[in-house]
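The values are calculated or read from the model by the stated rules, or taken from the named source; none is laboratory data. Bear in mind that the values here come from a model prediction, so they are computed numbers and not experimental data. Here Cβ is always computed from backbone atoms with ideal geometry, including for glycine, and neighbour counts include all displayed protein chains. These area figures cover heavy atoms from the full protein model, side chains too; ligands, DNA and RNA do not enter into them. Shrake-Rupley method; radii C 1.70, N 1.55, O 1.52, S 1.80 Å.
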Amino acid sequence: MEPLRGETSKVRVELRRTPLVPAAGALIAGIVGGRFLPLPGGLWAVLAVAGAVVAAVGLWRPGLHGLAVGGVLVAVAGLGAVAVGLDYFAAGSDDVLTYTGPHHILATVRGQIVSTPSVSEDDPPPAYGYRRPPQTHFALQARQLRQADGWLAVRGRVAVTIHQADDRLAAGQQVEVMGWLGRVRGPDNPGQYDWSAAARARGMPVRLVAPGVESVSILDGAAHSWLARAWWRVRAAARDHLAACGDEQSGQLVSALIIGERPPSLRALNRAMMRAGVVHYMSISGTHLAIFLGFVYLLCRVLAMSPRRSAIGVLVVLAAYMVLAEARAPLVRSAIMAAALCLAVLTGRSHAALNALAGAAILILAVDPMDLFDPGFQLSFGMVGAILVFRGPARQAIFGRSLRERGLMVFRDEERLRRWLNYTAANWLMDAVVMVLIAYVVSAPLVAYHFHLFSPYAAPLSLLLAPLVTAVLVPGYVSMALAWPMPNLAYAFGQVAGQAAEGLAWSVEAMDRLPGLCLELRDVSIGWVVLCYVAVAAVLATRRMRLGRVLAAAAVGVLAVATAYTQRTSPPSGQAELNVLAVGSGQCVVLRTPSGATVLFDAGTRSGFDAYSQVLGPFLRDQRLPGPSIAFISHPNTDHFNALPEFLRHHRLRRVHVNEWFGAPAAGGLEASSHDSHMLGALRAAGVQVERLAAGQRVALDGRTSVEVLWPPAGREGLSANESSLVLRITCDGVSVLLPADIETLGRQALAAGGGVRADILMLPHHGSWRPSLEEFVQAVSPKVVRASTARDPFGPPAQEEPAEFFARLHRGYRFYSTPRNGWIQVRFGGGAMEVRTMH
């Protein structure tokens, strides 16, 4: 019993030193409960009041301190649940959210710009074809909303997008914006990023889209004090000064590392750092602040200032820095912990870093409880908490033998350098290695859960980049401090920081070419994340438990089995599954045969984004489908194939079927010819077998599924790019799907007149665009289900009466689905059955 009592005594002592840790745990538990448990908010409030009453009774009566602590924790948990309920589930009657619905309305909103406006382009851009013009994005604190009877006072933040670059705008300005107001739409395809949930978690579920800069008016007058306006100006000046330290990329990188603002120009670099597992250097965290404040403290000590005065100097610099930097959770956490350490030095009291960490969590979550579900919050607090708890044991476990051998070494007075290398420098290196390894072990499951990535090289690459990051930060901080009193010297330091930033960017780009740098994972559950930490804990506790090695081996084995299970491909359903993905103006169709093979029918869009990165790749991962080995490209227009270059970076295609003109010099116009010839070269360079098809040919996909080519005839001359489209009929167990691609009047009339075009399911040709021949073609096909892959619903306001009547009859006479209205459309057919599922 004595060892057990000793351990209990240690726990009590530790709790007395860190009383905020259980409070932070209770707050986190309450926020999670309030977010996911379907209980009324009033019940949580009653629980908080009951806990407070119990705590008061426990404090009043001697000997009931344990009861008092329990009551406090219950009260804190109840308050956390109430806070998340008010923040996430409730909206005031004057909130701008209450004036919106699922459909956007034309509205005019006045308010203040509360974020730095950024101009972005396509991210990532499509390999070929149409690219959207630059767009301006900012957050607007809404004040007024124009209604039919005048202006109405509102509140709440609105995410504003302007479909043009607008360099007039700056944070702090009062503006009036006219555009389409509505709630941020959820994903249109399985696996696609849920912008609606992200916007709701950030407190900006409303979006306002303005067509151009003429829709935005900058208002005269100021609604805020001179202090607020000065704050915006100082932040803008700091950002502009740091951005001038180098070229567009290196200057923006210096600004991102020092004040935390990441412009769209750094997105490609940010993605490369994420793949390498070093993206934490891109956001201001404990590492950045430790380098900065450590440099400030060292400078104070060099100037012969006492530790207390140095601590005061660090606090003053920290307060000024927080005015300039972007206040994200990792930075706020680091700042609170640094301030607590300085206060401990000033008051002469001992410092409990774990208690400071818990206090930082409580303060951040009290302001915004939804920060708990932000990946940055989880990674920052998880890694730092693990380092504080496990640094000593991990250091002993990894370097224990070296530490014991070093303790036996004796150095003479003249061997100061050797002594410094063996003690001071070795301690720095061991601490760095231990902290990087702990951070890697803690962050890897969370990164896999949130970003579906695993970076095997993350730990060593973090160590290698640390000197380069320091070389950017130190001169960058000095340059920012000297910008006003000594601008010339500040410029010189800024150039040094810019050169170091160029070296950092070059290093990241070189790392991005390493083989096996990043493994893309299918979705894993939060239970898998917990299992990872249980396995790590079992391994760490091997020596402290009886049968510890057996338990550790069992935990690791269970984790391995669970990991293999999460990365499995889904079993075939026994039917053919045809998935039409919502890609805007374009077409992307994925077929899974009854045997489980995956086949691609076109993959592209002209809506200005990379269809693989944002739609096709996430869909394959979410549905756990094997990578397609066969693809059909209907014709040479880029909105049917410009997702393939990025697709080829992640998957291995075995065979591609194209028409006779794909990649030929005269195929469908100058633009189409140049891009499709490049695509054909890329396919051949990747070792893909290219086969050309014409009417009358058939391709067997498995024993039950085949593809028949109905158009164009072999050797037919004079066809446009659209008219040369492959018209394919997929058949499984007697049920057929017709994919006519972009054929227009000539192809439609020829197929309708020739007969033999009937199918059970029809994809409307040319994205549902109206031609007088469309009705005759639909009647010739005689489908049961009609679908359209397009950016706008064909039932939108027509320009003529004839199309309106046709689409009305189409709606009445057939089961009609369209991607702008229904999102993803899946048809299961074969085996005598047919079933349709949609996203909306």
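Using a probe of 1.4 Å on the protein chains alone, the accessible area found for Asp194 is around 60 Å². Our compactness index for the stretch 543-620, the C-alpha radius of gyration over the empirical 2.2 N^0.38 Å, is 1.79.
Quick one: pull the percent of accessible area on the chain belonging to carbon and sulfur, 1.4 Å probe, ligands and nucleic acids left out.
On the way: 24290 of 40060 Å².
With neighbouring chains kept in place, the figure for the chain is 61 percent.
When the inverse distances between all different Cα atoms of the stretch 96-217 are averaged and flipped, the Kirkwood radius reads 15.0 angstrom.
Cα centroid separation, the stretch 255-299 to the stretch 509-568: 28 Å. Helix 307-324 and the long axis of the chain differ in direction by around 20°, with both axes built from C-alpha atoms.
The candidates Leu437, Leu504, arranged from most to least accessible area with a 1.4 Å probe in the full protein assembly, appear as Leu437, Leu504.
Among DSSP beta bridges lying fully in the stretch 679-838, give the percent that are antiparallel, nearest 5. List each step's numbers first, then the result.
Working: 20 of 29 bridges.
Around 70 percent of the beta bridges assigned by DSSP in the stretch 679-838 are antiparallel ones.
Distances between placed amide hydrogens fall under 5 Å for Tyr817 paired with Val786, Arg787, Ala788, all partners being 5 or more residues away or on another chain.
Accessible surface of Leu289, taken over heavy atoms with a 1.4 Å probe and every protein chain present, rounds to 10 Å².
Heavy atoms of the protein chains alone define the surface here; on that basis the stretch 451-492 has 48 Å² accessible area per residue at 1.4 Å probe size. With the Cα gyration tensor of the stretch 701-756 giving a ≥ b ≥ c as the square roots of its eigenvalues, does the rule (a/c under 1.5 for rounded; else a/b larger than b/c for prolate; else oblate) give rounded, prolate or oblate? Prolate.
In the stretch 514-554, which trypsin sites (Lys or Arg not before Pro) are in a loop and have at most 13 other Cβ atoms within 10 Å, using DSSP for the loop call?
Values: sites: Arg522, Arg543, Arg544, Arg546, Arg549; in loops: Arg522, Arg546.
Taking the stretch 514-554 and a limit of 13 other Cβ atoms within 10 Å, the loop trypsin sites (Lys or Arg not before Pro) found are Arg546.
Taking all protein chains together and a probe of 1.4 Å, list Arg828, Arg568 from the most accessible to the least accessible. Mind showing how you got there, number by number?
Details: Arg828 65, Arg568 85 Å².
Listed by decreasing accessible area, they come as Arg568, Arg828.
Among the GluC sites (Glu not before Pro) within the stretch 701-732, those in coil by DSSP and having at most 13 neighbouring Cβ atoms inside 10 Å are Glu717. Here's how it looks for Met839: its modeled amide H is under 5 Å from those of Trp824, which are all 5 or more places away or on a different chain. Quick check: the angle from helix 526-540's long axis to the longest principal axis of the chain, C-alpha only, nearest 10 degrees? Tilt of helix 526-540: around 40 degrees.
Averaging the Cα positions of each part gives two centres, and for the stretch 178-239 and the stretch 445-493 these lie 28 Å apart. The separation of the stretch 386-444 from the stretch 44-85, counted between C-alpha centres, amounts to 43 Å. Rounded to the nearest 10 degrees, the inclination of helix 487-511 to the longest alpha-carbon principal axis of the chain is 60 degrees. Accessible area per residue for the stretch 24-147 is 51 Å², calculated with a 1.4 Å probe on protein heavy atoms, without ligands, DNA or RNA. Computed with a 1.4 Å probe over protein heavy atoms only, the accessible area of Trp661 comes to about 50 Å². Within the chain, what percent of beta bridges assigned by DSSP are antiparallel, to the nearest 5? The answer is about 75 percent antiparallel. With R₀ fixed at 25 Å, the C-beta to C-beta distance from Val213 to Ser120 puts the FRET efficiency at about 0.95. Note on Ser585 and Met409: the model spin-label points, each 7 Å out from Cα along the C-beta direction, lie 6.9 nm apart. Binning the C-alpha pair distances of the stretch 465-583 at 5 Å intervals from 0 yields a P(r) profile of 2, 9, 10, 8, 8, 8, 10, 10, 10, 9, 8, 5, 2, 1, 0 %, listed from the shortest bin outward.
Across the stretch 649-762 the C-alpha pair distances fall into 10 Å bins from zero in the proportions 13, 41, 34, 12, 0 percent.
Backbone phi angles across the stretch 21-34, fed through the Karplus curve with coefficients 6.51, -1.76 and 1.60 (θ = phi - 60°), yield HN-Hα couplings of 5, x, 5, 5, x, 5, 5, 4, 4, x, 5, 4, x, x Hz in residue order; Gly and Pro are listed as x. In terms of its alpha-carbon gyration tensor, the stretch 262-319 comes out prolate; a/c meets the 1.5 threshold, and the first ratio a/b outweighs b/c.
For the stretch 218-330, report the accessible area per residue in Å² (1.4 Å probe, heavy atoms, rounded to an integer).
48 Å²
Taking every alpha-carbon pair under 8 Å whose residues sit at least 6 apart, the chain reaches a relative contact order of 9 percent. Across all Cα pairs in the stretch 181-340, the calculated P(r) in 10 Å bins from zero up to the longest distance comes to 9, 24, 34, 23, 8, 2, 0 percent per bin.
DSSP loop trypsin sites (Lys or Arg not before Pro) in the stretch 160-212 with at most 16 other Cβ atoms within 10 Å of their Cβ, which ones?
On the way: sites: Arg168, Arg183, Arg185, Arg200, Arg202, Arg207; in loops: Arg168, Arg185, Arg202.
Those satisfying the criteria are Arg168, Arg185, Arg202.
If you wrap the tightest convex hull around every Cα atom of the stretch 565-712 and split its volume per residue, you get 110 Å³.
Any chance you could tell me what percent of the C-alpha pair distances in the chain go past 44 Å? The partial results should precede the final answer.
Values: 142062 of 352380 pairs.
Taking all Cα-Cα pairs of the chain, the fraction more than 44 Å apart is 40 percent.
Toward the positive end of the charge dipole of the chain, with +1 on the Cβ of Lys and Arg and -1 on the Cβ of Asp and Glu, the farthest Cα among Gly182, Ile825, Ala290 is that of Ala290.
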